[in-house]
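The values are calculated or read from the model by the stated rules, or taken from the named source; none is laboratory data. On a predicted model such as this, the values are computed, not experimentally measured, just so you know. So basically every Cβ, Gly included, is an ideal-geometry build from the backbone, and we count neighbours across all protein chains shown. These accessible areas exclude ligands, DNA and RNA; they are computed on the full protein's heavy atoms, side chains included. Shrake-Rupley method; radii C 1.70, N 1.55, O 1.52, S 1.80 Å.
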Amino acid sequence: QGNEAEVAAFSVPSYACQRRTTLENHNTVLTDALSLLAENAELSEEDGRGVAFRRAAAVLKALPKPVASMTQLRGLPCLGEHSLRVIKDILENGASSEVESTKQSERYKALKVLTGIFGVGARTADRWIRDGIHNLRQLQDSGPTLNRAQQAGLEHYDDLNQPVSKSDADAIGEVVEKAVVSVLPGAHMTLIGGFRRGKLTGHDVDFLITHPEEGREVGLMPKLVSWLESQGFLLYQKTTRNSYLESKDGPARPASNMDRFERCFSIFKLTKEEKRGTKHPETLTENGAQTPDNGGLDLDLDLDQTKPAGHKPWRAVRVDLVVSPISQFAFALLGWTGSKLFERELRRWAGHEKSMSLSSHALYDNRQSKYLRATSEEEIFAHLGLEFVPPSERNA
Ligand code: GTP
Ligand code: MN
Ligand code: MN
């Protein structure tokens, strides 16, 4: 029959790490809807539901064509009853009533605005909402005690809620690179996170730093941070120390997926000079265009009326720095490239299918009771019995 081909069922493997997910998404309407429900679940601390929606969205991101009918979805993994109902609603009515009502709900809007402050998580936002704080003005008026991160987050709210462009990421990369080689010649830096996957914008910029001689990276982070601070590049920073090597029981396997590298969560001050200093002259025109200070956010609030809006010669950007010893570099690179769901699926695959434990430090084989070494991402995929997936195809 002629139209049988059109309704041919899709087929995808069940783990996201078995799939190639590029940035070309043929089902953005459906995946945006499911991602919003995932986000709402995460903001409500319902992590199980959040993951279920993320997995469903990831399956649709991997499809080669737009979904035209429900019958095409038969047999696809990770599509639960709830996700199927949302998809059906959109295919039949053009929108999902649940997604629309979530978007409109006061609670969702408040959670979004409050967790949009760097340093504010779902739990804090929930507590504030129960105290009657739904927006930034109410937060300022009722004045709960803010920690240092939250104060910085509030101060740079507009900047930090604007997407970071690849050219901004490159400009910051040049500064960080310069800092790295000044404080430790021979050390090198790699762009990780979403930009390594080829994304054109991000919520932050992530860098991994190492030195080809094991041990030489020790003490690098404080020096790097001091250098950046002395040059006036940091508006905020919080460095956490590496505790992986400090455990008394030797190189025991990591107790959790939380990794224990030396890392630094920072807010970077990106000036117009740094932007101009990049090797990419085409960024000049892009930077010439004035962007409104308030991003896409419907805040209707000027935090400091005395401050001239939108004319400062710099912007604040979230930057994450991670330092890894060379022996763990491949694991750190794989673990910090993302996407978050891809990482989660790699660990699930390792545990459930291979009886192995994967972290950003190491891969442990429970059957052989030993660590499996690797000096490249390719080797780690091979240990896991997976086909290699390049960073640009890890956008699950
Ligand atoms: P955007 O920044 O939103 O553009 O996307 P992104 O993929 O870069 O996300 P993000 O910067 O939040 O994280 C980058 C990668 O680092 C993801 O794969 C995360 O799983 C990973 N990551 C973030 N925080 C941690 C952490 O505390 N420990 C470990 N091991 N990985 C982390
Ligand atoms: Mn990132
Ligand atoms: Mn990050």
Protein-only accessible surface order, largest first, of 96, 357 at 1.4 Å: 357, 96
When the helix-only estimate is applied to the chain (DSSP H runs of n ≥ 4, each -39,500 (n - 2.57), divided by the residue count), what is the mean residue ellipticity at 222 nm, nearest 500 deg cm²/dmol? -12000 deg cm²/dmol
Which value, in debye to the nearest 20, gives the size of the charge dipole of the chain about its Cα centre, when Lys and Arg are +1 and Asp and Glu are -1 at the Cβ? 720 debye
Could you sort out which of 178/340; 166/312; 103/354; 61/178; 61/269; 223/312 sit more than 32 Å apart by Cα distance in this structure? 103/354; 61/178; 61/269
To the nearest 0.05, what FRET efficiency results for residue 71 and residue 24 with a Förster distance of 25 Å applied to their C-beta separation? 0.55
Scattering from the C-alpha atoms of the chain alone, worked out with Debye: what is log10 I(q)/I(0) at q = 0.11, 0.13 1/Å? -0.95, -1.29
Inter-site label distance for residue 240 and residue 388 at 7 Å from Cα along Cβ, in nm: 3.2 nm
A 27 angstrom limit on the alpha carbon distance is what I want to check against. Which of 199/272; 65/88; 65/275 exceed it? 65/275
What is the magnitude of the charge dipole of the range 36-97 about its Cα centre, with +1 placed on the Cβ of each Lys and Arg, -1 on the Cβ of each Asp and Glu, and no other charges, expressed in debye to the nearest 20? 420 debye
What list of ³J(HN,Hα) values in whole Hz, one per residue of the range 98-112 in order, does the Karplus curve 6.51 cos²θ - 1.76 cosθ + 1.60 (θ = phi - 60°) give from phi, with Gly and Pro shown as x? 5, 5, 4, 6, 4, 4, 7, 5, 4, 5, 4, 4, 5, 4, 4
In vacuum, with every alpha carbon of the range 130-211 counted as one equal point scatterer, what does the Debye formula give for log10 I(q)/I(0) at q = 0.20, 0.26 Å⁻¹? Two decimals, please. -0.92, -1.18
Out of all DSSP beta bridges with both ends in the chain, state the antiparallel percent to the nearest 5. 80 percent
How would the range 309-371 be classified by its alpha-carbon gyration tensor: rounded, prolate or oblate, with rounded meaning a/c under 1.5 and the a/b versus b/c comparison settling the rest? oblate
On the accessible surface of the range 104-176, probed at 1.4 Å with all protein chains in place, carbon and sulfur together account for a percent value of 44 percent
Among 108, 146, 184 - extreme Cα towards positive end, dipole of the range 100-184, charges at beta-carbon: 108
Among 23, 167, 231, the residue whose Cα sits farthest towards the positive end of the charge dipole of the chain, when +1 is placed on the Cβ of each Lys and Arg and -1 on the Cβ of each Asp and Glu, is 231
Over every pair of different alpha-carbon atoms in the range 17-83, take the mean of 1/r and invert it; report that Kirkwood radius in Å. 12.3 Å
Taking alpha-carbon centroids only, the range 36-77 lies from the range 361-388 a number of Å equal to 29 Å
Under a plain spin-label model, where a point goes 7 Å from the Cα along Cα-to-Cβ, how far apart in nm are residue 11 and residue 130? 5.0 nm
Hey, if we sort 155, 377 by accessible area with the 1.4 Å probe, largest down, what's the order? 155, 377
